[in-house]
1. Hey, got a sec? Which trypsin sites (Lys or Arg not before Pro) in the stretch 64-103 land in a DSSP loop and have at most 14 other Cβ atoms within 10 Å?
2. Compute the projected area of the convex hull of the Cα atoms of the stretch 49-207, averaged over all viewing directions, and report it in nm² to one decimal place.
3. Per the helix-only calculation at 222 nm, which mean residue ellipticity applies to the chain, given -39500 (n - 2.57) for every DSSP H run of n ≥ 4 and division by its residues, nearest 500 deg cm²/dmol?
4. Taking only Cα atoms, what is the 0 to 90° angle, nearest 10, from helix 102-115's long axis to the longest principal axis of the chain?
5. Using every pair of alpha-carbon atoms in the stretch 3-82, split the distances into 5 Å bins beginning at 0 and state the percent of pairs per bin, rounded to integers.
6. Given 0.36 nm per residue, what is the gain on full extension from ARG70 to PHE286 after removing their alpha carbon distance, in nm?
7. Order 133-146, 219-232 from most to least packed using the mean count of other Cβ atoms within 10 Å.
8. What is the extension gain from GLU62 to LYS16, computed as 0.36 nm multiplied by their sequence separation minus the C-alpha to C-alpha distance, in nm to one decimal?
Amino acid sequence: MVLRQLEYLVALAREKHFGRAAEACHVSQPTLSAALRLLEEDLGAPLVERGHRFVGLTPQGERAVEHAQRILADAVNMRRSLEEFSKGLTGRLRFGAIPTALPIVSLLTGPFHSRHPGVTVAVLSMTSKEIERGIDAFELDVGLTYLDAEPIEGVRTKPVCAEEYMLLTPEVGPFAGRTQVSWSEAAEVPLCLLTADMQNRRIVDGIFRSVGASPVPSVETNSIFNLVTHVSAGQWSAVAPRHLLRFFGVPRGTRALELVDPTASRTLGLVMSDRDPPSPLARNLFALALPADLAARIEPPGPPLPPG
């Protein structure tokens, strides 16, 4: 058994197609198929359900993929750990972040890059469930997600900041001249909300339920940008994280009102696999001290944001 055979198996499990798996591994399909047959002989178990095309993995194959992912991740981490002594930290930091936290990522990757310029950073917008799967499958080094809502198991965590919520609403509308609005009142206006597959939406729905409200949004989107632009159209309001508006400002013709009764917040933080030895890339990111002015840069004190 060699690492290359394990790479082929993991690629096949990911691509679910012999041709695409071979292409991802930069080999011919016959080469990949022959290597997998040798792996089956070496392990003494069938790994792939074979037909004219890819059918699936056997139960033994599914179990083998789990081990293969760990072995390959450990091999990469071993290489990076040894290179760290002579070359400094190198490689590609795979960073998954929930969409509402994307404006914060550069405040973490900036200091990291200054300390480790030999590392390239790949930032991916992902749902919290996708981040969890990516960490489990060793396809991500770190994630930035919620720590106290649907917490991920089997990870180490590092709190970064609190996410608070505001109502982005047309300047001319039922809340004109207001600086605060209750969640119950917000439930009565036409809303544009994130889609149900995003944890932010599930958090928002939970807060609405806590006050006995169940609003049905007029518009749903998985894009933060689209959420804000719909409010700019003047027909809808949206629940938006306070830090999002601090970074991008309040669009012209809208106001950002504090949502109260209740005042709610959730903790955003870094997650990495809880395994020893840890990924050198994740370990070094976690070891960095957060910027001293992070809270001020994300959630500066003061009155509600003025209209755009």
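Any read-out appearing in this document is the output of simple, stated calculations on the displayed coordinates, not a laboratory observation. Predicted model only: the values in this text are computed from it and were never measured. Here the Cβ is made from the backbone with ideal geometry for all residues, glycine too, and neighbour counts use every protein chain on show.
1. The qualifying sites are LYS87.
2. About 14.7 nm², averaged over all directions.
3. Taken over the chain, the calculation gives -13000 deg cm²/dmol.
4. With both axes taken from Cα atoms, the answer is about 50 degrees.
5. 3, 16, 27, 26, 17, 7, 3, 1, 0
6. Taking ARG70 through PHE286 to full extension adds about 75.7 nm, to one decimal.
7. The most tightly packed comes first, giving 133-146, 219-232.
8. My answer for the length gained is 15.3 nm.
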